[in-house]
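Read-outs: derived from the displayed coordinates by stated rules, not from any lab. Here the structure is a predicted model, which is why all the values come from computation and not from measurement. Here Cβ is always computed from backbone atoms with ideal geometry, including for glycine, and neighbour counts include all displayed protein chains.
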Amino acid sequence: MVKIQEWVEDINERARTKLGTGRVADYIPALAEQDANKFGIAICTNEGEVYAAGDAQEPFSIQSISKVFLLTLSLRVYGNELWERVGLNPSGMPFNSLTQLEAERGKPRNPFINAGAIVVADRLVSAFATPSKHLRDVARKLSGNESILIDARVQESEWQHRSRNAAMAYLMKSFGNIDNDVDQVLHSYFSCCSLAMSCVDLAVALNYLAADGHAQAMGEPFIAPDLARKINSIMFTCGMYDAAGDFAYRVGLPAKSGVGGGIVAIVPGKLSVCAWSPALDENGNSVAAQYALELLAEEMVRQQLGH
Ligand code: GLN
């Protein structure tokens, strides 16, 4: 569809007016080196067509977007048993908050805040010999891109600056909610966050959430339709941390952001989209990528109304 290519090009131009607003994450020093002037957007339709504009082919650190892959893999292994370890409600707190975790006896609010993803990573350490390699291989299959890598520099930088995540992991271990060695779990979690993928890779890889669990690049079902629906629901309520409500109001789509500046959003039954720009707002969500998704949502409403 020519129209979608026009959309992404128009969004690329308009979202770039936001460049210069926000700040690149620097609490992980390797991420501070990112160029704040990058912007990319890619759409993958459920028919398998890909439309891209700007820096959409450039790999970036997917960071918390990996929490969607972690959750999917873990639900495939453990099913509903997973919810004994982690909750299903918005946290209303920053993604790396410790206070709630203490008050709620080591059970994180949801799988998309850091503590929740660390619990999910622990579950995967119990299930797989090398969870991060498994996740990397799944990302390769789902995106159809065999060259996807874990960025060792980012991974090492996260490890060197792990104090806060380590504090959460030890606190949860003290409550009996982490089974494995904390260092091993953290290594796995950081490796998954350090996957480098482009907007095109992510839009294609996560299209299974738009397509009732059917994986575009694999040409086969990846998860059950009902599971895709449920993961979308968690993304809708928890995917943007304490800004989930604001984002739902502005965009109204299930989405997951990462501090590398990427945001993936899902239009169930239609398409998956990834927008990326490294500079973040105070909640850790990319300023230009959020704006791009807002423009896309508005455009889709206009199309539906035939304007
Ligand atoms: N790896 C990052 C961290 O642990 C992920 C956070 C994010 O993307 N919000 O802090």
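In debye, nearest 20: dipole of the chain around its Cα centre with unit charges on the Cβ of K, R (+) and D, E (-)?
Using only the charged Cβ atoms, the result is roughly 520 debye.
In terms of modelled amide H atoms, which long-range or inter-chain residues lie less than 5 Å from the amide H of Leu149?
Counting only residues 5 or more places away or on other chains, the set is Ala196.
Please give the Cα centre distance for the range 139-203 versus the range 1-51, rounded to the nearest Å.
23
Based on the Kirkwood radius over alpha-carbon pairs, what is the Stokes-Einstein translational diffusion coefficient of the range 142-296 at 25 °C with 0.890 mPa s viscosity, in µm²/s? List each step's numbers first, then the result.
Details: Rh = 16.7 Å.
Translational D for this selection: 147 µm²/s.
Can you give the angle from 0 to 90° between the axis of helix 66-78 and the longest principal axis of the chain, with both taken from C-alpha atoms, to the nearest 10?
Roughly 60 degrees between the two axes.
Return, in residue-number order, each cysteine of the chain whose C-beta is not under 4.7 Å from any other cysteine's C-beta.
If one checks each Cβ against the other cysteines of the chain, Cys44, Cys192, Cys193, Cys238 turn up with nothing under 4.7 Å.
Return one number: the angle in degrees, 0 to 90 and rounded to the nearest 10, between the long axis of the Cα atoms of helix 287-304 and the longest principal axis of the Cα atoms of the chain.
Result, in degrees: 50.
Using a Gaussian network model on the chain with a 10 Å cutoff between Cα atoms, which of Asn283, Asn114, Asn80 fluctuates the most?
Between Asn283, Asn114, Asn80, it is Asn80 that shows the largest mean-square fluctuation.
With N residues in the range 113-197, what two-decimal value do you get for its Cα radius of gyration over 2.2 N^0.38 Å? Mind showing how you got there, number by number?
On the way: Rg = 12.9 Å, N = 85, 2.2 N^0.38 = 11.9 Å.
Normalised by 2.2 N^0.38 Å, the Cα Rg of the range 113-197 equals 1.08.
Within 11 Å, Cβ to Cβ, of Phe190, how many net charges do the neighbouring residues add up to if Lys/Arg are +1 and Asp/Glu are -1? Spell out each step's value before the answer.
Working: positive: Arg162; negative: Asp151, Glu156, Glu158, Asp183.
Local net charge: -3.
Please state the relative contact order of the range 121-223 as a whole percent: Cα pairs under 8 Å, 6+ residues apart? Write out the running numbers ahead of the final one.
Working: 118 pairs, mean separation 37.9, N = 103.
Worked out over the range 121-223, it gives 37 percent.
For the range 1-148, what number results from the quotient of the Cα radius of gyration and 2.2 N^0.38 Å? All intermediate terms of the calculation are to be shown ahead of the outcome.
Numbers: Rg = 18.2 Å, N = 148, 2.2 N^0.38 = 14.7 Å.
Scaled against compact globular proteins, the figure is 1.24.
What is the gain in length, in nm to one decimal, between Ala166 and Leu149 on full extension, counting 0.36 nm per residue of separation less the C-alpha to C-alpha distance?
Working: separation 17, 0.36 × 17 = 6.12 nm, distance 2.43 nm.
Here the segment from Ala166 to Leu149 would lengthen by 3.7 nm.
For a quick check, take a GNM of the chain with Cα springs below 10 Å and name the residue from Ser147, Ser188, Ser66 with the largest mean-square fluctuation.
Its mean-square fluctuation being the largest, the pick is Ser147.
Above 28 angstrom, tally the Cα pairs of the chain and express them as a % of all pairs, no decimals. Write out the running numbers ahead of the final one.
Numbers: 14589 of 46971 pairs.
Within the chain, distances greater than 28 Å cover 31 percent of Cα pairs.
Out of Ser64, Ser257, Ser233, any idea which swings most in a Gaussian network model of the chain, alpha carbons joined below 10 Å?
Ser233
Please work out how much length the chain gains when fully extended from Lys141 to Arg14, using 0.36 nm per residue of separation minus the C-alpha to C-alpha distance, in nm with one decimal. Write out the running numbers ahead of the final one.
On the way: separation 127, 0.36 × 127 = 45.72 nm, distance 3.26 nm.
Full-extension gain reported as 42.5 nm.
Pairs of alpha-carbon atoms within less than 8 angstrom and 6+ residues apart define the contacts here; what relative contact order does the range 1-115 have, in percent? It would help to have the intermediate numbers written out before the result.
Details: 100 pairs, mean separation 21.0, N = 115.
The normalised contact order for the range 1-115 reaches 18 percent.
Could you give the dipole magnitude of the range 90-156 about its Cα centre, charging the beta-carbon of Lys and Arg +1 and that of Asp and Glu -1, in debye to the nearest 20? Could you put the intermediate results ahead of the total?
Working: 9 positive and 7 negative charges, 34 e Å.
Charge dipole of the range 90-156: 160 debye, to the nearest 20.
What net charge do the residues around Arg162 carry, taking every other residue with its C-beta under 12 Å from that of Arg162, with Lys and Arg at +1 and Asp and Glu at -1? Working shown, then result.
Details: positive: Arg164; negative: Glu156, Glu158, Asp183.
Here the count lands on -2.
Name the residue farthest towards the positive end of the dipole of the range 163-307 from the options Gly176, Pro254, Ser286, assuming +1 on Cβ of Lys and Arg, -1 on Cβ of Asp and Glu, about the Cα centre.
After comparing all options, I get Pro254.
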